[in-house]
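A.B. asks: Sharing a structure, written as structure tokens. Questions coming.
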Amino acid sequence: MLLQVKNLTHIYMPGSPYEHRALYNVNLEVHQGDFLGLIGRTGSGKTTLVQHLNGLLKPTQGTVLFKDRDLYGEQKVDWREIRQKIGLVFQYPEEQLFGETVFEDVAFGPRKLGLGEEMVQLRVKKALEMVNLDYNNFKGRSPFNLSRGEMRRVAMAGVLSMEPEILVMDEPSSGLDPRGRKMLLEQVKQFHRQSGITVIFVSHNMEEVALLANRLAVMEGGQIVLEGSPREVFTEAEKLISIGLGIPQVTRLMLELKNKGKQVKADIFSVEEARREIIKLFEEKQGDRS
């Protein structure tokens, strides 16, 4: 098991008038190569949960195991090492850029690891290529003169240059226009496919996770209330709607067709699957007429 969350509870400001239980008895497993979509409404506990994965928050109860190593047990943990292995891309990561050039910004992490300049250059080049930014065109540019989408990809490259085993992305498409969102998601999908890196993708957007994730965990009220493949989770349409998440638009369309008596599958969440199902329905109808 690569990562395991066990009975995790977190209470903000315990014992004060502002005490708030953000997580309650959360259990979650992440396997090597997973693309896990962690979804839920704002305030459901998603960000609080992922901040426990590399020590930004400490559990009130429970623990996190990374490769069977208890991160919150009695043995001392080198959090610098853990944060290299479990890289976290925050929401609006472009706000954390600081280097005079793209190269200097992406190189910061590898240099902190004590790597030589030749290896640092290789890491920066590889990381920029993973987010589809040409090394020669971007290395000398100021990150603050880039588009917002490009800035965000530079910030992602800074985390990827550390060569983490797990990449945690907290609402990475927030605030981007449709074109920038599409480009970013395509790059995330591509580098996951090419590198095999394990990804935990935090989002409230059902269309995004439907296209990217192989597993989903749905949070509500600080707990995981649904877990499984996208197909398994999206069959629970009524429950998802009841907690304010809804379902992908294409899934809603197929459900409406089924409710009107059409013989179609409702557990569909991609446009291509829906297209094939509708063509099949049309061909069957034409066959009945002949």
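A.B. asks: Given (i) 73, 53, 35; (ii) 68, 59, 36; (iii) 65, 40, 35, which label gives Cα extents along the principal axes in Å as computed from the coordinates?
C.D. replies: (i)
A.B. asks: Something else now. For the chain, what is the calculated [θ] at 222 nm in deg cm²/dmol (nearest 500), taking -39500 (n - 2.57) for each run of four or more DSSP H residues and dividing by its residue count? Don't skip to the answer; put the middle values down first.
C.D. replies: Numbers: 12 runs with 120 residues, N = 290.
Dividing the helical sum by the residues of the chain leaves -12000 deg cm²/dmol.
A.B. asks: Something else about it: Who wins for biggest fluctuation among L146, L36, L212 in a Gaussian network model of the chain, springs between alpha carbons below 10 Å?
C.D. replies: L146
A.B. asks: Tell me which GluC sites (Glu not before Pro) from the stretch 17-95 have a DSSP coil assignment and no more than 15 other beta carbons within 10 Å of their own.
C.D. replies: Sites meeting the loop and neighbour criteria: E19, E74.
A.B. asks: Let me ask something else. For helix 249-259, what angle does its Cα long axis make with the longest principal axis of the chain, in degrees from 0 to 90 and rounded to 10?
C.D. replies: For helix 249-259, the angle is close to 20 degrees.
A.B. asks: So which chymotrypsin sites (Phe, Trp or Tyr not before Pro) in the stretch 25-119 are both in a DSSP loop and have at most 13 other Cβ atoms within 10 Å of their Cβ?
C.D. replies: Counting only loop positions with at most 13 other Cβ atoms within 10 Å, the chymotrypsin sites (Phe, Trp or Tyr not before Pro) in the stretch 25-119 are F98.
A.B. asks: Contact order normalised by length for the stretch 3-247, with contacts defined as Cα pairs under 8 Å and 6 or more residues apart; what percent is it?
C.D. replies: Normalised by residue count, the contact order of the stretch 3-247 is 28 percent.
A.B. asks: In debye to the nearest 20, how big a dipole does the stretch 105-169 give about its Cα centre with +1 on each Lys and Arg Cβ and -1 on each Asp and Glu Cβ?
C.D. replies: In debye, rounded to 20, the stretch 105-169 gives about 200.
A.B. asks: Now, a different point. Does anyone have the angle between helix 102-112 and the longest principal axis of the chain? Alpha-carbon axes, 0 to 90°, nearest 10?
C.D. replies: Computed tilt is about 70 degrees.
A.B. asks: Hey, what D do you get for the stretch 85-156 in µm²/s if you plug the Kirkwood alpha-carbon radius into Stokes-Einstein at 37 °C and 0.692 mPa s?
C.D. replies: 269
A.B. asks: Further question: If packing is taken as the mean number of other Cβ atoms within 10 Å per residue, what is the order of 277-285, 6-14, 243-251, highest first?
C.D. replies: In descending order of packing, they fall as 243-251, 6-14, 277-285.
A.B. asks: Using Cα atoms only, what is the angle between the long axis of helix 178-195 and the major principal axis of the chain, expressed in degrees (0 to 90) to the nearest 10?
C.D. replies: Relative to the chain, helix 178-195 is tipped by roughly 70 degrees.
A.B. asks: State to the nearest 20 debye the size of the charge dipole of the chain about its Cα centre, where the only charges are +1 on K and R beta carbons and -1 on D and E beta carbons. Please report the intermediate quantities before stating the final value.
C.D. replies: Details: 39 positive and 39 negative charges, 72 e Å.
Here the size comes out at about 340 debye.
Here, each number is a calculation from the coordinates, and none is a lab measurement. Fair warning: this is a prediction, and the values are worked out from it, not measured in the lab. As a convention, Cβ positions derive from the backbone with ideal geometry for all residues, glycine included, and neighbour counts pool all protein chains shown.
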